[in-house]
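A.B. asks: For reference, the structure I am asking about is given below.
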Amino acid sequence: MQEASVVVLAAWAAQNPRILLNSATDKHPKGLANSNGLVGKYMMAHFNSGTWAMFDEDLQNHMGTTGAQYMSYDRYSKTSHKGAFGSSFITAGSALKTSDLGGFANARLDLFGPDLQLFMKRGARGLTRFGTFGEAMPNIENRVELASDKDELGMPLGRIIHSYDQDAIAVWNANFEEGLKIAKATGAKEVWSARGNMPTIHLMGGTIMGTSTENSVVNSYGQTHEVPNLYIAGPGIFATAGASNPTYTIFALSLRGAEQLASKWSTVAG
């Protein structure tokens, strides 16, 4: 056991609740910071609607950055799509490699042999992709809970229970439809959507922030309401997901929490 004046738990959105739930004591029988039963609840994820467009001309699509070179917030309002509630974040112009993140080796899973070889040759010059991330609303039923299986140290593993509601599904489908409209407007020779199972990307929530133990696990600095010298960092403290990638928000909240902890150290340290 390692004693500490202050503990900052930053083990990822799904592992933080697992550690807290596994840290039950006589004083905290439900797990640390979990007297309200909200640890592990309100797990959220992004989903992506991908559209491909093939051109005859050489786009030099290997150049640039893998993530995206163009980002649009034109659909970031939660009511941008009729009949679908949730924000969308559009990306385009990403550098295409063969098989890395967003690579095109699996863009046409229906092709084999000579047809796949021809597609790969064309795609290396003229293929591009539009990706639209969508927002799922926080749902208390989406959660991390302890499983019966244990790790090599005898600690119960975590089980993630997650499903998308009808709003998220409607946003996902609306983003596919808009992606196809955008692709067709470019004059591409071929356009298609990369549909399949609705993906989960960028796990968030599980130790959400709020004003008190009545509605949350931590305050806006990541400090747990119940254990003042226990802080939580990372996307797990997000109360909502938005549609934009979470990295910079994680940075901002981590810096804010660290500055508050440093300024309050004399009163926080146990």
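A.B. asks: From the list Ala11, Ala33, Ala24, which residue is under 20 Å from the mean Cα position of the chain (by Cα), modelled with pLDDT of 95 or more and more than 22 Å from Val171 (Cβ to Cβ)?
C.D. replies: Ala11
A.B. asks: Give just the number: which of (1) aliphatic (A, V, I, L, M); (2) outside any strand (DSSP E or B); (3) under 22 Å from the mean Cα position of the chain (by Cα); (4) over 22 Å from Arg108 (Cβ atoms) does Val227 not satisfy?
C.D. replies: So the condition that Val227 fails would be (3).
A.B. asks: Looking only at segment 27-39, decide whether some residue is touching a residue at least 40 places away in the same chain (Cβ under 8 Å), assigned to a strand (DSSP E or B) and open to solvent by 20 Å² or more (accessible area, probe 1.4 Å).
C.D. replies: no
A.B. asks: If I ask for residues that are part of a strand (DSSP E or B), under 30 Å from Thr128 (Cα atoms) and open to solvent by 40 Å² or more (accessible area, probe 1.4 Å), which ones from segment 193-222 would you list?
C.D. replies: Ile201, His202 - these are the residues of segment 193-222 that are part of a strand (DSSP E or B), under 30 Å from Thr128 (Cα atoms) and open to solvent by 40 Å² or more (accessible area, probe 1.4 Å).
A.B. asks: Further question: Which residues, counting only those in segment 56-81, are under 30 Å from Met137 (Cβ atoms), at pLDDT 90 or above and not β-branched (Val, Ile, Thr)?
C.D. replies: Within segment 56-81, Tyr70, Met71, Ser72, Tyr73, Asp74, Arg75, Tyr76, Ser77, Lys78, Ser80, His81 meet the criteria.
A.B. asks: Name the one entry in Arg108, Arg129 that is assigned to a strand (DSSP E or B) and among the basic types (Lys, Arg).
C.D. replies: Selected residue: Arg129, the only one of Arg108, Arg129 that is assigned to a strand (DSSP E or B) and among the basic types (Lys, Arg).
A.B. asks: In addition: Which one of these is closer than 27 Å to Tyr73 by Cα, at pLDDT 95 or above and open to solvent by 50 Å² or more (accessible area, probe 1.4 Å): His162, His225?
C.D. replies: None of the other options fit; the residue is His162.
A.B. asks: Please state which of the following conditions Ala188 fails to meet, knowing it meets all the rest: (1) surrounded by 15 or more Cβ atoms within 10 Å (Cβ to Cβ); (2) without any contact (Cβ under 8 Å) to a residue 60 or more places away in the chain; (3) small (Gly, Ala, Ser).
C.D. replies: (2)
A.B. asks: So, one more: Would you tally the residues in segment 69-96 being on the phi > 0 side of the Ramachandran plot and either buried (at least 20 other Cβ atoms within 10 Å of the Cβ) or in contact (Cβ under 8 Å) with a residue 60 or more places away in the chain (or both)?
C.D. replies: Selection size over segment 69-96: 2.
A.B. asks: Scan segment 256-269 and give yes if some residue there is touching a Ser or Thr at 6+ places or on another chain (Cβ under 9 Å), assigned to a loop (DSSP other than H, G, I, E, B) and in contact (Cβ under 8 Å) with a residue 24 or more places away in the chain, otherwise no.
C.D. replies: Checked against the condition, which is being touching a Ser or Thr at 6+ places or on another chain (Cβ under 9 Å), assigned to a loop (DSSP other than H, G, I, E, B) and in contact (Cβ under 8 Å) with a residue 24 or more places away in the chain, segment 256-269 yields at least one hit.
A.B. asks: Which of the residues spanning segment 142-167 are assigned to a loop (DSSP other than H, G, I, E, B), within 17 Å of the chain's Cα centre (by Cα) and within 29 Å of Ala24 (Cβ to Cβ)?
C.D. replies: Within segment 142-167, Asn142, His162, Ser163 meet the criteria.
The values are calculated or read from the model by the stated rules, or taken from the named source; none is laboratory data. Quick caveat: nothing in here was measured; it's all calculated off a predicted structure. Positions of Cβ are backbone-derived with ideal geometry, glycine not excepted, and every protein chain shown enters the neighbour counts. To get the accessible areas, we keep the full protein, side chains included, count just its heavy atoms, and leave off ligands, DNA and RNA. Shrake-Rupley method; radii C 1.70, N 1.55, O 1.52, S 1.80 Å.
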